[in-house]
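Chemist: The structure follows.
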Amino acid sequence: WAGPTFTDSGGFQVLSLGVGFKKVIAMDEKTFQADDVIADKKERLAHVDDDGVTFKSHLDGSLHRFTPEVSMQVQHQLGADIIFAFDECTTLHNTRKYQEKALERTRLWAKRCLTEHDRLTQARGNKPYQALFGVLQGAQYEDLRRKAAQDLGSMSEDGISFDGFGIGGALDKQTLGQILRWVNEELPEKKPRHFLGIGEPDDLFVGVENGADTFDCVAPSRQARTGSVFTKDGRLNISNAPHKREFKPIEDDCTCYTCKNYTRAYLCHLFRSKEMLASTLATIHNQHFIVGLVDQMRSSINDGNFFEFKAEFMGRYYGR
């Protein structure tokens, strides 16, 4: 792989273990169920303190300790081009008081990450530089989001500052653009902004409109595993019966490996037979679709017709 690589700090994984999530975080408060947010103490696999996190392996129950320094060390060893500072990720259902506490903890962890990142960078010698992004939390609160952006945007340890910023944490789908505007008004203009965990087409448009430069999300692969594939006319479930006799690609004009080599009928057969290849081929297509969509967004910006392209795409994909 000759392209850039990103690694996450482990903050989201800590949240998942600590609050006992049974599914991915919903981006709409209305979709939350009580047991998705708070688990009984005996179910919790992670406990956070000001120094770091102690967590129990979900595989064998062994205890492990994760700190900002450990996060930096692991990410440096992995060799990613862009790594992220260790943060405490919260949910939309955490109290305002706890959001404030977690934000301060994340700020202090960010300082420790900068210091350890600098030490590790010096020790790497002439190896390629790894960029460190700070992570902005603050949930749905404007003052906390702005404070996080101000603190991390101006943070410097021994002359070392963040190379870019990740906007993450608790995000309500309805306020994505607003949160981006808040933080982008405070962040240094010339440094990149990464929108963490965003990958649905409509959310990508919101992100691009409001200053996000890069994105990551498991949605293309997660949906592919259940047979849900992206097309210009919206998602379709390739395992449904009507596709059993459709001897054509998922999309006629798609240039991905899957569409060039396999038919809807064959993919339908693979999913119905529970073959592992099914999710692989569907993932290849979905990833190709999303990357192609962002390429088209970039071209439309360069051509000065971004909003026309958005209206055309949204009209077909979502029927609106």
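Since every read-out is calculated from the coordinates, none of them should be taken as a lab result. Bear in mind that the values here come from a model prediction, so they are computed numbers and not experimental data. For neighbour counting, all protein chains shown are included, and Cβ atoms are generated from backbone atoms with ideal geometry for every residue, glycine included.
Chemist: Want the number for Arg124 to Leu63: 0.36 nm per residue separation, take away the alpha-carbon distance, what's left?
Modeler: Full-extension gain reported as 19.0 nm.
Chemist: Excluding residues on the same chain fewer than 8 positions from Lys127, give the aspartates and glutamates whose Cα lies under 18 Å from its Cα.
Modeler: Filter leaves Asp81, Glu116, Asp118, Asp163.
Chemist: So, one more: For the chain, modelled as a GNM with alpha-carbon contacts under 10 angstrom, which of Phe55, Phe84, Phe165 fluctuates the most?
Modeler: Between Phe55, Phe84, Phe165, it is Phe55 that shows the largest mean-square fluctuation.
Chemist: Still on this structure: Pick out which of Gln99, Gln137, Gln13 has the largest mean-square fluctuation in a Gaussian network model of the chain, springs linking Cα atoms closer than 10 Å.
Modeler: Of Gln99, Gln137, Gln13, the Gaussian network model singles out Gln13 as fluctuating most.
Chemist: Another one. Do you know the relative contact order of the chain, to the nearest whole percent, from alpha carbon pairs under 8 angstrom that are 6+ apart?
Modeler: 11 percent
Chemist: Okay, moving on. Quick check of the Kirkwood formula: for region 147-293, what is the inverse mean of 1/r over all pairs of different Cα atoms, in Å?
Modeler: This gives a value of 17.2 Å.
Chemist: What relative contact order, as a whole-number percentage, does region 221-317 give when Cα pairs under 8 Å and 6 or more residues apart are counted?
Modeler: It comes to 32 percent, rounded to a whole number.
Chemist: Something else now. Taking the alpha-carbon centroid of each part, what is the distance from region 111-143 to region 199-230 in angstrom?
Modeler: Going from one Cα centre to the other spans 25 Å.
Chemist: Give me, ordered by chain and number, the residues 5 or more places off Leu136 or on other chains with an amide H under 5 Å from its own placed amide H.
Modeler: It is Gly166, Ile167, Gly168, by chain and number.
Chemist: Also, I was wondering about something else. Please list, short to long, the whole-number percent of alpha-carbon pairs of the chain in consecutive 10 angstrom bins beginning at zero.
Modeler: 5, 23, 30, 26, 13, 2, 0
Chemist: Separate question: Can you list residues whose amide H is under 5 Å from Cys89's amide H, if they're 5+ apart or on another chain and H is modeled 1.01 Å from N?
Modeler: It is Leu15, by chain and number.
Chemist: Build a GNM of the chain with springs between Cα atoms under 10 Å: which of Ala139, Ala224, Ala212 gets the top mean-square fluctuation?
Modeler: Ala224
Chemist: Would you calculate, for the chain, the mean residue ellipticity at 222 nm contributed by helices, counting each DSSP H stretch of 4 or more residues as -39,500 (n - 2.57) and dividing by all residues, to the nearest 500?
Modeler: Calculated from helices alone, the mean residue ellipticity at 222 nm is -14000 deg cm²/dmol.
Chemist: Which of Trp1, Trp109 comes first, and how do the rest follow, when ranked by fewest Cβ neighbours within 10 Å? Write out the running numbers ahead of the final one.
Modeler: Values: Trp1 4, Trp109 25.
Ordered from fewest to most neighbouring Cβ atoms within 10 Å, Trp1, Trp109 come out as Trp1, Trp109.
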